[in-house]
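Presented below is the structure to which this report refers.
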Amino acid sequence: MRSVLLVGSGLVLLAVGFVDVFAAVLHYDRHGPVTQALYRGIWVVVRAAARALPRGVGDRVRSLGLPLMVVGNVVLWAALFITGFALLYLDGFDRGAFTFSEDLEPTFADALYLSGATMSTLGFGDLTPSTPVYQALAVVQAFTGFGILTLTLSYLITIYQTLQDLNVLTASLQHQSDRRHGDHAIAILQPHFPRGRSRGLSERLQWVHLRLVGYHEALHRYPIVHYFCSDRPYSSMPYLFLLLGEIIGALRWGLPADHEVTEDPWLLALVEDYRSIMRYVEGRFGAPVDTGFPEQASLAAFVSQLDAGRVTDPGIMRFLAVDEAMRAVVRDARPVDPQGLYDRYAGWLAFARPASAFVRHAAEHLAYDVALLDPDHDRQLL
């Protein structure tokens, strides 16, 4: 009975370890079930600790979340394989299939020691298998240890390369923005419209699109990157999507409908990228709740507020600010068509409402202070 229990438990642990490593590192469309549970558990603890501490200290604690997940991942895989093989070795001890350097009573601690030394290929020779079956098992574990080490290094390199690419994208946008004023997107877009004419914008949109697609693929392949939290809010994923949302809204619906940029293929691709990532993150990490973003006003209400010269609807007010800023950027002084303006407002609102909810939800999930990301528009982030 003891033999069946030891061998059965050991094989179960090894099977769990192999399945988890295979899914997490080798299978493109699957994720390690054990590692995903580990990530969620670590994040619950880290987020709770970050929220309970003062802002500066909490930011630093939150930034430890992903490194702790990486360390926990490595420790988890090592524990599964070392313990699994140790249980098999312990059964071999009972069968007299090992030679000891001294006349010792073999224990589970000795089995763990042998398994750890074999896993790291640092065998010292004081406990050695003396039968072909356990000699072969030791060789299998040595190769397993080497393979796990190689796969873990590849896993870590890919994760941190993704985070570096994300930081490059965020930094490249942030360096163009002006955090002292609310119009971050306008500050970024202004240089691309010298004398009101578009220059180099399509290439820039293509560059952003390719990096956003890369981030989406990495997020799908390695969900752990979602938990990356910098102690600098403006290097965070929520801030990146806040900034991108403002840029997309300003270009796609803030410009006059007949402006060539509104139909730029890379801008349209960027809109779809943004929405696709929103759908994926919401499906995997939970959907946001209503943020209080204004509902769409009717055409009659929209026109009446324009005619009265007194806009009270916060959504209309926010859109008109975007429209006014972008008309100044492209130097468009033509009279405004109310119907065309309303159609753009409706399109902008249909994008801005879910985008605002997504940014807020991501910020709250990652324990960021939403007001720090956008102090000028705390309730309507876009």
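The values are calculated or read from the model by the stated rules, or taken from the named source; none is laboratory data. Note that the structure is a prediction, hence the values are computed from the model and not measured. Positions of Cβ are generated from backbone atoms using ideal geometry, with glycine treated the same way; all protein chains shown enter the neighbour counts.
Of all the criteria given as (1) at pLDDT 85 or above; (2) assigned to a helix (DSSP H, G or I); (3) in contact with a helix residue (DSSP H, G or I) (Cβ under 6 Å, 6 or more places away or on another chain), the one not satisfied by Ala185 is (1). Can you tell me how many residues within the stretch 211-234 are modelled with pLDDT of 90 or more and in contact with a Gly (Cβ under 6 Å, 6 or more places away or on another chain)? Here the count works out to 0.
Restricting the search to helices (runs of 4 or more DSSP H) fully inside the stretch 257-359 and requiring at least 2 residues that are modelled with pLDDT of 90 or more and buried (at least 19 other Cβ atoms within 10 Å of the Cβ) gives 265-285, 314-330. Across the stretch 74-97, the qualifying residues are those that are without any contact (Cβ under 8 Å) to a residue 40 or more places away in the chain and either assigned to a helix (DSSP H, G or I) or more than 23 Å from Phe108 (Cα to Cα) (or both), and the one among them that is nearest to the chain's Cα centre (by Cα) is Val75. Restricting the first member to the stretch 258-281 and to residues that are in contact (Cβ under 8 Å) with a residue 60 or more places away in the chain, and the second to residues that are among the hydroxyl-bearing types (Ser, Thr, Tyr) and part of a helix (DSSP H, G or I), the beta-carbon pairs closer than 7 Å and six or more apart or on different chains are Asp264/Ser202; Trp266/Ser202.
The rows are residues; the columns are (1) over 22 Å from Ala362 (Cα atoms); (2) in contact with an Asp or Glu (Cβ under 9 Å, 6 or more places away or on another chain).
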{"site": "Glu246", "(1), (2)": "no, yes"}
{"site": "Asp264", "(1), (2)": "yes, no"}
{"site": "Glu272", "(1), (2)": "no, no"}
{"site": "Pro294", "(1), (2)": "no, yes"}
{"site": "Val311", "(1), (2)": "yes, no"}
{"site": "Gln339", "(1), (2)": "yes, no"}
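The condition of being β-branched (Val, Ile, Thr), closer than 20 Å to Gln141 by Cα and modelled with pLDDT of 90 or more holds for Ile82. In the stretch 145-164, the residues that are in contact (Cβ under 8 Å) with a residue 12 or more places away in the chain and at negative phi reach residues that are outside any helix (DSSP H, G or I) and crowded, with 19+ Cβ neighbours inside 10 Å with C-beta atoms within less than 7 angstrom, at least six apart or across chains, in these pairs: Leu163/Phe228.
Among the residues of the stretch 1-35, those that are within 28 Å of the chain's Cα centre (by Cα) and outside any helix (DSSP H, G or I) comprise His27, Tyr28, Asp29, Arg30, His31, Gly32. Applying the criterion of being surrounded by 12 or more Cβ atoms within 10 Å (Cβ to Cβ) and part of a loop (DSSP other than H, G, I, E, B) to the residues of the stretch 156-182, the residue that is modelled with the highest pLDDT is Gln176. Taking the stretch 99-136 as the range and being of a type in the set (D, E, K, R) and either at pLDDT below 85 or more than 27 Å from Leu149 (Cα to Cα) (or both) as the test, the residues that pass are Glu102, Asp103, Glu105, Asp126.
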